1. Would you pull out the residues with amide H under 5 Å of E402's amide H, same chain only if 5 or more places away, H placed 1.01 Å from N?
2. Can you list which of the trypsin sites (Lys or Arg not before Pro) found in region 225-310 are DSSP loop residues with at most 10 other C-beta atoms within 10 Å?
3. Under the rule of at least 5 residues apart or a separate chain, name every residue whose amide H is placed under 5 Å from the amide H of L233.
4. What are the ³J(HN,Hα) values, in whole Hz, obtained from phi via the Karplus relation 6.51 cos²θ - 1.76 cosθ + 1.60 with θ = phi - 60°, for each residue of region 434-440 in sequence order, with x given for Gly and Pro?
5. Go through 322-328, 280-286 and give me the packing order, highest mean Cβ count within 10 Å leading.
6. Taking amide H positions as placed 1.01 Å from N in the peptide plane, with prolines and chain starts having none, which residues 5 or more places from M284, or on another chain, fall under 5 Å of its amide H?
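What follows is calculated from the coordinates using simple rules that are stated; it is not laboratory data. Just so it is clear, the structure is predicted and the values come from calculations on it, not from any experiment. Cβ sites come from the backbone with ideal geometry, for glycine too, and all protein chains shown count toward neighbours.
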Amino acid sequence: MKILQIKSRWAKVVYFLIIAIALSLSIIGCSSTADDERDDIIEDQKVSESSIAEVPTTVPTRVPTAIPTQAPIATPTGSSDQISSTEIDECDDIPDLNQRAMCQVGLDMGLSMEDMMEMAESIDMEDMMEMADSMDLEDMMEMADAMDMDMEDMTDMADSMDMEDMMESMLSDDGEDECDAETNMMKRMMCKMTKSMVSDQNAAADTQAPKLQNLMMQNLGPWDPVTATFGDLKFDSNYAKTVFDDFGMLHNPGQATQYDNPTFEFKAPADSIVLAPMSGVVTMLNWQPTTSYLQDDWDMIIAPFEGSKWGVNLDHIVSIDCDRSGYAPVLCELPITINGEVVTLGTEIEAGQVLGYVGNWPDRSNSGINGRTELTLFEYDRSGAPGENFGVINHCPTMNLEESVETALKAKIQELMDSYETWSGDSSSYPQDQMVSPGCRYRAIEESSNGVTTPVTD
C-alpha cells in the first residue's frame, strides 16, 4: 500500500472516530430520531449534578460519562426521580447500548477497563464541548447514519482539530509510544484506535507483493541497430558478457560461490539514470565501500510501509550530484538526494522519482560500459519466530508489474533479450522458451541468510 493511500485512510478513520465519540456523548442526550423530538428527550434525561456538566445550549445539556467507570451509573427507570445504580466491571454491565458499544470498541483497540475508567474520570468536558461546537451536529448525525463522510468536511474538521502532528507520529515506528504519552485520554483513544486500524490495513496489504511501475532504468529501449544501443544500455564487442542478467541466470558457474541471480542486473554507461520503481518509504540505506570488488556506491531498500515484509532492493546507486563523465568516473561519496533533499531512513519515495546514477563497474575492456545496478523484489521469510527474518524470497519482477505498465514493460524486456541475441549472433544467450515470464527463469528464488539460493520451480 502506498504511503499516501495510508494517510488518506487514517484520515478518514480519525474523522469518523471524532464523530463517533462526539455522538457517543450526544446520543445519550439526544435521540437519533426527528429533530423536533430531540429537545424533549434531552429534558427527560436527567441525572444527578455530580455526574454531569452544564454546557452551552448548542449541544445537549445533559451529558453523562461516555465511558463506564467503577462508580455507580445512574439510569432512568421510568421517571427522573427513580434511579438505580449498577456496578461496572465489564462492558456487558453497561445498560446503555451506545456506551456499551464504545466500551467494546475501546477493548477491541487494546485499551483496558482501567484505561477507559481513567478516561471517564479525566475527560475534559470543556474540550469535548469545544470539539462539538466546532462541528455541525446535524451533519454528524447524517454522516454517522450513512457510515460515510464528505472529504471536504473531513478536511475542515482536521484543520479545526489540529490532528496532523498526532497522525504523523502514529505512522512512525514509535507511534504506539506517542499514543501512550498523550495525556488527553480522548486523543489517546483516537490515537490508539487509528494506530490499530492502520496496522490492520498494513497487515492485509502485506499479503501480496507490491506492484512495480518501472524496472529502474530510466531509458529502457528501444533497440537501435545502428548505434547498437537499447535506450541507455549499449552493446559492445569488447564487452563479452550480457549487459542484462536475467532473474535466475547462473552466476559464477562451477565455483564455490555459484548462485542463481535473484535480480534484474543491468550494465550500462555510468551516467545512466536510475528511477524509483515503486512508492514507499526508505527502510535501509547503506554506503558500500570498495573491498574485494569495485563498489563505492549506495544500497537502498524501499518498502511499501514501515515494518512491511516486502521491499525492493536497489543495489549500486550513485548520487545524482556526482560527476559521472569519462571512462573512469571519479569516485563520489555524496549522499542520495531527491529534488535537492537528502534521502534518509524514513524518507517517503514516489515511483518514478530520480534516485541517482547507476553504480560503479570496472571498464577493463574500454567499452564504455562502466556502471551497473540491480533491482530485487523480495519478501522477508518470517516463517520462524515473530519479528525475525530467516532469509528472503526473491520474486520475478515482470510477474509483479502495475497493470497499466505490465504489457509495455514485458515487451521491453523481451525486445532487450531478442536484440542482444540478434546483435551477438547467439540465440542461446537467454533460455526464453523456458522462462515463466520475460526475463525470469523462475517465479521466485529462495535465498538463505548465508546467501544460498534455491529456485522455486513449482
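1. HN-HN under 5 Å from E402: L212, Q213.
2. K241
3. Under 5 Å from the amide H of L233: G221.
4. Coupling constants for region 434-440: 9, 7, 7, 6, x, x, 10 Hz.
5. Order by mean packing, descending: 280-286, 322-328.
6. Sorted by chain and number, the residues that satisfy this are I301.
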